[in-house]
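Q: I have a structure I would like to understand better, so I am pasting it below and will then ask my questions one at a time.
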Amino acid sequence: MTRVNDSNADSGDVRSAVRFEDVNKWFGDFQVLRDINLDVAPGERIVVCGPSGSGKSTLIRCVNRLEPHQTGRIVVNDVELTEDVRQIERVRREVGMVFQTFNLFPHLTVLENCTLAPIWVRKVPKAEAQALAMEYLERVQIPEKAEAFPGQLSGGQQQRVAIARALAMQPRIMLFDEPTSALDPEMIKEVLDVMVELARSGMTMLVVTHEMGFAKEVADRVVFMDEGEIVEEAPPRKFFGEPETVRARQFLSQILAH
Amino acid sequence: MRPSAPPPDQSLGALGWLRANLFSSVGNTLLTFVGVALFLIVVPPVVEWAVLEATVAGTTKQACDGGGACWVFIKVHLPQFIYGFYPEAERWRVNLAFAILVGLVALLFIRPMPKKGWIAAFTAVVFPFIAYLLFFGGIFGLPVVPTSEWGGLFLTLIIAGVAIAASLPLGILLALGRRSEMPVVQAVCTVFIEFWRGVPLITVLFMASVMLPLFLPGGVTFDKLLRAMVGWALFAGAYTAEVVRGGLAGVPPGQYEAAKALGLGYWRRMRLIILPQALRIAIPGIVNSFLAIFKDTTLVLIIGLFDLLGIIQAIATDPEWLGYAVEGYVFAAAVFWAFCYAMSKYSMRVERQLNRHKQGV
Ligand SMILES: Nc1ncnc2c1ncn2[C@@H]1O[C@H](COP(=O)(O)OP(=O)(O)OP(=O)(O)O)[C@@H](O)[C@H]1O
Ligand SMILES: [Mg+2]
């Protein structure tokens with residue numbers, strides 16, 4: 001191999017924000033992830049869907065190593081995830097996550113929720129962190145609640161704060177694990193609107209969701225999982241229009257029946 | 001906005017209150033009568049003994065000729081109850097140390113106090129050394145007062161204070177260790193906790209005072225009080241650890257995950273996110289544990305230290321004052337109760353303050 005090819009291989013690393021290579025994971029004897037290969041380019045928006053228990057959450061939780069994988073490689077922004085805690089924390093600084101159950105810190109105000117990690121992890125001076133947090137709170141349209149505690153907010157408001165909290169770390173990648181599943185119908189839209197706006201801004205996003213409207217509107221690619229495998233991977237138009245596998249067709253008919 | 005209607009009037013009037021609270025049913029009525037009867041049986045004789053027929057004036061046993069309590073006994077011996085055998089001329093040192101402590105705590109009570117963290121740190125870290133130097137002496141021309149002369153309420157507060165102050169940080173570390181993902185740390189903490197929880201406190205104190213010197217190389221001596229306090233603190237730490245562990249388990253897993261996902265390292269996750277929530281949950285248990293620690297200091301009596309109860313007991317057997325042990329015990333009970341009640345009240349205040357974020361949920 002020539003040197004040119006070598007450096008091409010290197011810049012191949014740079015071109016993917018997240019890369020899974022033959023990743024396998026087990027919970028005890030139960031295999032949750034099977035030979036996962038997935039390459040996410042910077043700025044790409046991926047929607048992950050699939051039946052319950054298919055391993056979607058596990059897949060995206062591997063990206064910031066909330067779950068460790070057992071075999072294969074996961075590389076995030078050129079950093080490989082291993083046992084090494086410093087590497088893990090380096091990755092987590094660049095990867096924001098939004099959870100189904102919001103997981104705001106109940107003992108801190110909304111503003112404190114959004115400034116805590118920038119101050120302690122990124123070492124941003126407090127005043128600057130607050131200004132930045134206010135900017136993101138404005139972006140998710142909830143600046144007036146800065147001094148409130150999470151328990152005083154509605155679900156939709158809490159989830160928007162959770163998004164602002166993740167964004168305040170100025171991550172390069174955002175992970176969403178069913179961000180609207182715990183919300184009442186009338187609040188789903190306010191959260192999706194924020195996510196659509198974020199997608200338009202060019203953020204790299206991995207989103208587990210059953211909101212097919214969102215997938216159609218913003219996804220570059222839909223990844224369909226079943227029983228721990230990536231069964232199908234296609235642009236939304238193709239995935240929803242003419243799914244290739246029987247399993248995907250079954251899944252879609254169930255989803256759309258709702 | 002539509003103006004809201006005034007809330008309905010829910011006051012009952014005196015008669016209504018009585019009916020609703022004391023005579024609402026046959027059972028309730030019965031309970032009310034039993035309660036009143038008990039009150040009439042117990043309270044008048046106690047008041048008679050403790051107040052109406054009690055003797056307060058005078059300085060000798062002979063003054064006590066009424067049928068009631070002889071508070072003269074307490075009055076005459078009060079300095080000993082407070083300071084033990086601490087030399088009279090040096091007692092100002094004890095007073096000064098406690099005055100400083102009261103001052104510091106008072107500062108911490110002021111709500112908008114600036115630099116509160118520093119004052120708290122000073123109280124926790126620097127003050128103990130100041131107090132020790134004052135109590136023990138040996139520098140600045142202060143004569144040495146060996147710990148064998150310390151006693152009374154003063155000693156009770158020292159032992160309890162040290163055990164309580166040491167038990168919380170120790171308990172937190174042990175609880176974190178027991179939940180650690182590192183098998184060695186977890187095993188060490190688990191064994192440590194289970195060991196201390198499985199051994200009666202009396203045994204610990206005996207071991208500290210009698211057995212420990214046997215294991216130490218010849219010539220090395222440890223002050224008896226210090227040994228007892230170390231044993232006491234480890235014991236208390238193990239108990240507090242389990243209470244804190246309960247609090248840690250009460251923090252939802254999502255909190256750990258959110259903190260991790262933000263890139264916070266282990267100690268920051270614990271300090272900023274997990275412990276503030278876990279300790280809030282654990283406050284009632286922690287206070288319970290503190291009260292037990294405080295009251296159980298009376299056990300140091302058996303290794304020859306004279307805490308408040310110990311010194312009362314010793315003086316009550318003085319032939320000069322034979323027969324007034326009851327007054328002594330009532331006094332000891334009252335003092336212990338006052339301190340415990342204050343602690344309990346204070347903890348409620350802290351709990352209310354810490355739970356402000358729950359308002360309006
Ligand atoms: N900590 C765990 N220990 C053991 N098994 C687990 C654990 N977490 C998940 N699993 C199992 O792994 C499988 C995949 O779980 P995962 O949460 O990734 O599914 P999912 O696709 O996100 O499902 P859902 O749509 O219900 O959220 C499930 O069968 C689940 O029971
Ligand atoms: Mg899931």
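Q: If I filter segment A:139-148 for residues that are surrounded by fewer than 22 Cβ atoms within 10 Å (Cβ to Cβ) and at the interface with chain B (Cβ under 10 Å from one of its Cβ atoms), do I get at least one hit?
A: Within segment A:139-148, one or more residues are surrounded by fewer than 22 Cβ atoms within 10 Å (Cβ to Cβ) and at the interface with chain B (Cβ under 10 Å from one of its Cβ atoms).
Q: Follow-up. If you go through segment A:218-237, how many residues are more than 21 Å from A:V18 (Cβ to Cβ) and surrounded by 14 or more Cβ atoms within 10 Å (Cβ to Cβ)?
A: Number satisfying all stated conditions: 1.
Q: Restricting segment A:87-114 to residues that are of a type in the set (D, E, K, R) and without any contact (Cβ under 8 Å) to a residue 40 or more places away in the chain, which is farthest from ligand 2 (Cβ to nearest atom)?
A: Checked segment A:87-114; the qualifying residue farthest from ligand 2 (Cβ to nearest atom) is A:E112.
Q: Any chance segment B:159-180 includes a residue that's out of contact with any strand residue (DSSP E or B) (no Cβ under 9 Å at 6 or more places or on another chain), part of a loop (DSSP other than H, G, I, E, B) and closer than 27 Å to B:G285 by Cα?
A: Among the residues of segment B:159-180, at least one is out of contact with any strand residue (DSSP E or B) (no Cβ under 9 Å at 6 or more places or on another chain), part of a loop (DSSP other than H, G, I, E, B) and closer than 27 Å to B:G285 by Cα, which makes the answer yes.
Q: Another question about this same structure. In segment B:239-260, what residues are within 25 Å of B:R349 (Cβ to Cβ) and within 14 Å of chain A (Cβ to nearest Cβ)?
A: Result: B:G247, B:G250, B:V251.
Q: When only residues in segment A:10-64 that are basic (K, R) and more than 14 Å from chain B (Cβ to nearest Cβ) count, which is nearest to ligand 2 (Cβ to nearest atom)?
A: Out of the qualifying residues, it is A:K56.
Q: Can I ask one more? Just one of A:V231, A:V246 is away from ligand 2 (no atom under 16 Å from the Cβ) and without any contact (Cβ under 8 Å) to a residue 40 or more places away in the chain; which is it?
A: From the options A:V231, A:V246, the qualifying one is A:V246.
Q: Would you mind telling me which numbered condition in (1) within 14 Å of another protein chain (Cβ to nearest Cβ); (2) within 16 Å of ligand 1 (Cβ to nearest atom); (3) in a loop (DSSP other than H, G, I, E, B); (4) closer than 18 Å to A:E21 by Cβ A:E83 fails?
A: So A:E83 meets the others, but not (2).
Q: Of the conditions (1) more than 16 Å from ligand 1 (Cβ to nearest atom); (2) surrounded by fewer than 17 Cβ atoms within 10 Å (Cβ to Cβ), A:A168 clears all except one; give me its number.
A: (2)
Q: Looking at (1) away from ligand 1 (no atom under 16 Å from the Cβ); (2) of a type in the set (V, I, T); (3) modelled with pLDDT of 95 or more, which is the one condition that is false for A:V98?
A: For A:V98, the failing item is (1).
This table checks each residue for (1) farther than 23 Å from B:Q255 by Cβ; (2) among the polar types (S, T, N, Q).
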| site | (1), (2) |
| --- | --- |
| A:E147 | no, no |
| A:Q158 | no, yes |
| A:M174 | no, no |
| A:S181 | no, yes |
| A:L192 | yes, no |
| A:L206 | no, no |
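Q: Would you say B:V76 is closer than 20 Å to B:T317 by Cα, assigned to a helix (DSSP H, G or I) and under 31 Å from the mean Cα position of the chain (by Cα)?
A: Against the criterion (closer than 20 Å to B:T317 by Cα, assigned to a helix (DSSP H, G or I) and under 31 Å from the mean Cα position of the chain (by Cα)), B:V76 qualifies.
Q: Restricting to segment A:175-204, and then to whatever is of a type in the set (A, V, I, L, M) and in contact with a Leu (Cβ under 7 Å, 6 or more places away or on another chain), can you tell me which residue is farthest from ligand 1 (Cβ to nearest atom)?
A: If we take residues in segment A:175-204 being of a type in the set (A, V, I, L, M) and in contact with a Leu (Cβ under 7 Å, 6 or more places away or on another chain), then A:V191 is farthest from ligand 1 (Cβ to nearest atom).
Q: Now for a different question. All but one of (1) within 15 Å of ligand 2 (Cβ to nearest atom); (2) more than 14 Å from chain B (Cβ to nearest Cβ); (3) not hydroxyl-bearing (S, T, Y) hold for A:R73; which doesn't?
A: Every condition holds for A:R73 apart from (1).
Q: Is it the case that B:G171 is in contact (Cβ under 8 Å) with a residue 60 or more places away in the chain, under 30 Å from B:A314 (Cα atoms) and not β-branched (V, I, T)?
A: Judged against the criteria, B:G171 is not a match.
Q: Being near ligand 1 (Cβ under 7 Å from one of its atoms) and either surrounded by fewer than 15 Cβ atoms within 10 Å (Cβ to Cβ) or among the small types (G, A, S) (or both) is the filter here; which residues of segment A:23-74 pass it?
A: Within segment A:23-74, A:F27, A:G28, A:F30, A:G50, A:S52, A:G53, A:S54, A:G55, A:S57 qualify.
Q: Report every pair of residues separated by at least 6 positions or lying on different chains whose Cβ atoms are under 6 Å apart, first residue within segment A:192-208 and within 14 Å of chain B (Cβ to nearest Cβ), second modelled with pLDDT of 90 or more and within 16 Å of ligand 2 (Cβ to nearest atom).
A: Final answer for the pair search is A:L206/A:I46; A:L206/A:I60; A:L206/A:L175.
The values are calculated or read from the model by the stated rules, or taken from the named source; none is laboratory data. Keep in mind the model is a prediction, meaning the values are calculated, not measured. Quick reminder, even Gly has a Cβ in these numbers, built from the backbone with ideal geometry, and neighbours come from all protein chains shown.
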